[in-house]
């Protein structure tokens, strides 16, 4: 549904910036900052990682505006299956971290962490398999390996029965080469594209190049629910809905996306709310029995006040909002209507 792009002034007046503590280091941070937008439909989240520039961050803003100004798509699905996420922790920490999840039937394990070696990854995956022998395991390298590193690493890790490997190498061309090399070695392992979808100017190219068996879609990085559904339809690949370490506001939007897919074959990566010590709502989106409710969380004003950032950080986020808005407002048709694309 098309709708008017709100003015920058309106967004500024209805924006709040918070800094939430995490239980464990994730992507090198122990705190997560997010700008929340209050709109006529509810709340939206704008939380691109701090290193992202205005052009890339503008897609995250599109998603935040869509969530604040548009109702979620109607669906009869009330809850969705989710995976637990295991950061690149030591073997000794695996049990404690995964113990924070309720009935993990599917576990995504971070690998290829900077400063670690393959043996660290093997030990982490092996310990997870020992603790959860019946769970589906998937690994996520965040493009941390070269092609030459990824082939032997995945050949070794696949021995633990992986559902798929997410973005083992950077770039679409190397993903395609990786699939060829693994097949030549007789390694049967599905490859999922994440960064090659959300960071690429043409997210559908992974399908045209035969670079992946499935695609990971994230609501904020792709520009919202409508745009993510369009990409999935054009690509023709199975999709896994995941989060970008969102607060419960972003998780609510992502859950609505998952519930709107034509078919949901894989557990979603939307149980990352467990990684937060606290959230912006009194009823955080936390999985129960391995499933997450599809709902729009209510924001707590008291939580927003408690976790508000200092004035300098707020000013920085307002500048980031302005820069991202400038990119967003110059896209085709943005002057008359806005479809989150």
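Residues that are buried (at least 20 other Cβ atoms within 10 Å of the Cβ) and either without any contact (Cβ under 8 Å) to a residue 24 or more places away in the chain or touching a strand residue (DSSP E or B) at 6+ places or on another chain (Cβ under 8 Å) (or both) within the stretch 70-80 comprise 70, 80, listed in sequence order.
Name the single residue that is surrounded by the most Cβ atoms within 10 Å (Cβ to Cβ) among those in the stretch 181-200 being part of a helix (DSSP H, G or I) and more than 27 Å from the chain's Cα centre (by Cα).
First, the residues of the stretch 181-200 that are part of a helix (DSSP H, G or I): 181-184, 195-198.
Retained after the next criterion (residues that are more than 27 Å from the chain's Cα centre (by Cα)): 181, 183-184.
On the way: 181: 17, 183: 11, 184: 9.
Residue satisfying both the conditions and the ranking: 181.
Residues are listed down the side, and each one gets a yes or a no for (1) touching a helix residue (DSSP H, G or I) at 6+ places or on another chain (Cβ under 6 Å); (2) modelled with pLDDT under 95; (3) closer than 22 Å to residue 34 by Cβ; (4) not assigned by TED's automatic domain parsing to the domain that holds residue 147:
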{"position": "184", "(1), (2), (3), (4)": "no, no, no, no"}
{"position": "187", "(1), (2), (3), (4)": "yes, no, no, no"}
{"position": "206", "(1), (2), (3), (4)": "yes, yes, no, no"}
{"position": "225", "(1), (2), (3), (4)": "yes, no, yes, no"}
{"position": "240", "(1), (2), (3), (4)": "no, no, no, no"}
{"position": "246", "(1), (2), (3), (4)": "no, no, yes, no"}
{"position": "258", "(1), (2), (3), (4)": "no, no, yes, no"}
{"position": "267", "(1), (2), (3), (4)": "no, no, no, no"}
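Which of the residues belonging to the stretch 4-24 are in contact (Cβ under 8 Å) with a residue 60 or more places away in the chain and loosely packed, with under 13 Cβ neighbours inside 10 Å? Selection gives 4, 21. The requirement of being in the same structural domain as residue 206 (by TED's automatic domain parsing), surrounded by fewer than 20 Cβ atoms within 10 Å (Cβ to Cβ) and outside any helix (DSSP H, G or I) is not satisfied by residue 159. The numbered conditions (1) crowded, with 17+ Cβ neighbours inside 10 Å; (2) over 29 Å from residue 317 (Cβ atoms); (3) touching a helix residue (DSSP H, G or I) at 6+ places or on another chain (Cβ under 7 Å) are all true for residue 47 except (2).
Has the stretch 283-301 got at least one residue that is at pLDDT 95 or above, part of a helix (DSSP H, G or I) and surrounded by 23 or more Cβ atoms within 10 Å (Cβ to Cβ)? No, the conditions are met nowhere in the stretch 283-301. Considered as a group, the residues in the stretch 12-63 that are outside any strand (DSSP E or B) and in contact with a strand residue (DSSP E or B) (Cβ under 6 Å, 6 or more places away or on another chain) include one that is farthest from residue 256 (Cα to Cα), and that residue is 14.
Scanning the stretch 84-93 for any residue that is assigned to a strand (DSSP E or B), touching a strand residue (DSSP E or B) at 6+ places or on another chain (Cβ under 8 Å) and free of Cβ contacts under 8 Å to residues at least 60 places away in the same chain turns up at least one such residue. Residues of the stretch 104-117 include none that is in contact with a helix residue (DSSP H, G or I) (Cβ under 8 Å, 6 or more places away or on another chain), touching a residue at least 24 places away in the same chain (Cβ under 8 Å), in a helix (DSSP H, G or I) and more than 30 Å from residue 297 (Cα to Cα).
Going through the stretch 254-265 one residue at a time, which ones are crowded, with 23+ Cβ neighbours inside 10 Å and touching a strand residue (DSSP E or B) at 6+ places or on another chain (Cβ under 7 Å)? Give the steps one after another, and end with the answer.
The first filter runs over the stretch 254-265 and keeps only residues crowded, with 23+ Cβ neighbours inside 10 Å, leaving 254-258.
Result: 254, 255, 257, 258.
Considering each residue of the stretch 331-338 in turn, at least one proves to be not assigned by TED's automatic domain parsing to the domain that holds residue 96 and not in a loop (DSSP other than H, G, I, E, B).
Here are some residues: 274, 315. Which one is surrounded by fewer than 24 Cβ atoms within 10 Å (Cβ to Cβ), assigned to a helix (DSSP H, G or I) and assigned by TED's automatic domain parsing to the domain that holds residue 179? When all the criteria are applied, what remains is 274.
Flag not set for residue 323, criterion: in contact with a helix residue (DSSP H, G or I) (Cβ under 9 Å, 6 or more places away or on another chain), at pLDDT 95 or above and within 25 Å of residue 26 (Cβ to Cβ).
The values are calculated or read from the model by the stated rules, or taken from the named source; none is laboratory data. Keep in mind that this is a model prediction, so the values were computed, not measured. Because the Cβ atoms are built from the backbone with ideal geometry, glycine has one as well, and the counts that use them run over all protein chains shown.
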